[in-house]
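Please read the structure below before turning to the comments.
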Amino acid sequence: MDSAKALCFWRIFVIVLQRQTNKNPNTMKKQIILSVLLALGMMCGAQAPWDGTVAEAYAGGDGTPENPYQIATAEQLALLAQETNETAGGNANCYVLTADLCMNGSKGMLWTPIGTVYASFANPVNPHVEPANPFKGIFEGNNHIISDLYADNKDALGLFGCTVRAVVQNLQIVESSMTQGGYGGIVVGMAVNTSISNCVVDGIVEAYGNRVGGIVGSFSAEGIGNDTVFIRNCTNNALVTAGAFDLGGIAGHTEMENGNVLISHCVNNGEIGDMWNTSTAGGMVGRGSYIIRHCHNYGRVSGKITAGGLVGQGGSFGLIEYCINHPSGEVTGGSNAGGIIGTPIFTTIRMSGNMASVKGQGTDMILVGGIAGSDGSISNCYNTGDLTASLSDAHPSVAQIGGITGSPTNGFVYNVYNTGRINKIEHPNLTNEHYGHIIPAILSDTAIRNCYYYGNEDIPTYVYNASGPSYVYLPGSCAFNEGSNATTWTLDEAQYGTTDLLEALNAGAMGECTWIEDTEGINRGFPVIGEMDLTQVKEQPAANRYSVYPNPADNVLFVQTVCTPSLHANTYRITNLMGQVLQSGQIVSDVQQIDVSALPSGMYFLTIDGETAKIVVE
């Protein structure tokens, strides 16, 4: 091993060990032991390390779904890369990994990613140039391990450089290193209309480019109507640090352009971002448009401009639900910092919670919130993390800290609570500062109600009305204190005819969710969402179990079962963007007809047995 490579992989080892403090405690010991083995170069075991050559043929198969090409050696994996990059091979073909592979990166073997893009594709000014030779097939990892993978100085870095209309699933990539690229991810650098599931990665991504993530750098749905591409059941254990625009534990950037992007049941354990070189950082997604469900972040997140425990900054559409930022997922952001999202921009956050500390570290202005750094439509959420901020300018312009969101919102805030400590900023020349148990300031048309808070006796119970200007009290909102035991809490003022916090939260949930006592003590005894598993991510099927048509619909929708087991006897529900249940019923046939003529024109969510599809009624 040359000295430069040795230093690189020793650095990975040290970082991985340091990062264990961010992990889920249930897996920390196992991860430390595994990291030591990886760093010592023991993962290759009995495998024949790659010597840089390319095989002449695969181990078997003809590329059909029934008989996929078999990849049993590193040389055969290199054959897939060569065929794809030089002759557009991999186009609609199927491949299966039949053995663990050692790519020998620590001994100088440089990997050329599968699938190439034009150099201009990496230019953010003109990001939609058609890829040159992307991978367009199905890659079945068969739960095998690819270890010691090293790629450097490419437009798109990863096992795959660029994929279009592809599937990558059931794969582990460990002790990997991706450096100096335009788009970087350990699985895929740039994925267009591609679905990725059941992948686990570890190592380091240090690509100084535009969009960088633990799993995938850029992930987009383009020109596929109401179809959905997904990243599901994936875990990032890698350090993701770069001088990049957008950094995420799962995806650096996501985009929905006439299609849907769904990220579900994913976990990030890796440290994300660099306070001085990263613009936007998030535990799941750096920036973009998305639907994110049932995801957990355990890794520290930092960004120079904006940072969030789940998402750095939103885009044209966003929905985050049933997600948790755990205590180890400390967030540090520049101008905007939020426990769930830094800057929402058309994002709705519901049934989610932040348990980590959030810090704003700005120059002239700062906005900090327990859920959102600024703005956002937020319902049935909670924050238990402490909030702090600092400003470096001699004469800063504004600073705002709120237990739920850090600025007036054009959306709504309802049925939420905050218990996190709000620390006022110490600055000799700061005059324009506002603090709030829930929100530091509002506009006259801000929709806000049923908000509860605990502690922070030095923070006023009224908030600044920027439209007034005046000071007002939040409607239907009040403090709460200890109840008769460690998991019950009493409101200072009755809401919905009760002084019990849990009863008030369920009354104000409007059917969106069910709040329960924290009997396990995971949330320090404060109420939690009943449908949310706070300790692990439940796996979902690898493929959607039903299709919906026509979509958009006029008066009638049809739901068809597309794989077993049957959906019979399952209940369906249709909710609006606020999570209100507008219609429900039973699935009684493989092709179920649903009358939607009573629904106003608009976008809704259809949920059946834990799977959700976006539907449009005209």
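The values are calculated or read from the model by the stated rules, or taken from the named source; none is laboratory data. These numbers were taken from a predicted model, which means no experiment stands behind them. Please note: Cβ atoms are built from the backbone with ideal geometry, for glycine as well, and neighbour counts cover all protein chains shown.
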Discussion item. Going by what's in this entry, would Ala441 be described as farther than 16 Å from Ile422 by Cβ and under 33 Å from the mean Cα position of the chain (by Cα)?
Written reply: no
Discussion item. Looking for something under 21 Å from Gln180 (Cα atoms) and modelled with pLDDT of 95 or more - is there at least one such residue anywhere in the range 219-226?
Written reply: yes
Fill in: Checking Phe139 against (1) in a strand (DSSP E or B); (2) without any contact (Cβ under 8 Å) to a residue 60 or more places away in the chain; (3) under 19 Å from the mean Cα position of the chain (by Cα), the condition it does not meet
(3)
Discussion item. Looking for something among the hydrophobic types (A, V, I, L, M, F, W, C), more than 21 Å from Ile145 (Cα to Cα) and in a loop (DSSP other than H, G, I, E, B) - is there at least one such residue anywhere in the range 62-72?
Written reply: no
Fill in: Subset of the range 117-127 (residues that are outside any loop (DSSP other than H, G, I, E, B) and either modelled with pLDDT of 90 or more or out of contact with any Pro (no Cβ under 7 Å at 6 or more places or on another chain) (or both))
Ala119, Ser120, Ala122
Fill in: Count of residues meeting criterion [without any contact (Cβ under 8 Å) to a residue 40 or more places away in the chain, closer than 26 Å to Cys323 by Cα, part of a loop (DSSP other than H, G, I, E, B) and not hydrophobic (A, V, I, L, M, F, W, C)] in the range 488-526
8
Fill in: So Asn429, is it of a type outside the set (Val, Ile, Thr) and at positive phi
no
Worksheet entry | From Gly360, Gly309, residue being touching an Asp or Glu at 6+ places or on another chain (Cβ under 9 Å) and not basic (Lys, Arg) | Gly309
Response to the item:
Selection from the range 345-375 of residues in contact with a Cys (Cβ under 7 Å, 6 or more places away or on another chain), farther than 13 Å from Gly314 by Cβ and assigned to a strand (DSSP E or B) yields Arg350, Gly353
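Matching residues to (1) among the hydroxyl-bearing types (Ser, Thr, Tyr); (2) in a strand (DSSP E or B); (3) free of Cβ contacts under 8 Å to residues at least 24 places away in the same chain; (4) farther than 22 Å from Gly339 by Cβ:
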position: Ser407; (1), (2), (3), (4): yes, no, no, no
position: Val413; (1), (2), (3), (4): no, yes, no, no
position: Ile425; (1), (2), (3), (4): no, no, no, no
position: Tyr435; (1), (2), (3), (4): yes, yes, no, no
position: Ile438; (1), (2), (3), (4): no, no, no, no
position: Cys451; (1), (2), (3), (4): no, yes, no, no
position: Gly476; (1), (2), (3), (4): no, no, no, yes
Worksheet item: Where residues in the range 440-465 are over 17 Å from Asn380 (Cα atoms) and of a type in the set (A, V, I, L, M, F, W, C), which of them is modelled with the highest pLDDT?
Response: Ile459
Discussion item. I need every pair where a residue in the range 373-390 that is closer than 20 Å to Asn456 by Cβ and in contact (Cβ under 8 Å) with a residue 40 or more places away in the chain has its Cβ under 9 Å from the Cβ of a residue that is surrounded by fewer than 24 Cβ atoms within 10 Å (Cβ to Cβ) and of a type in the set (Asp, Glu), sequence separation at least 6 or different chains.
Written reply: Gly385/Glu330
Worksheet item: Gln47: at pLDDT below 95, buried (at least 18 other Cβ atoms within 10 Å of the Cβ), over 30 Å from the mean Cα position of the chain (by Cα) and closer than 16 Å to Ile173 by Cβ, yes or no?
Response: yes
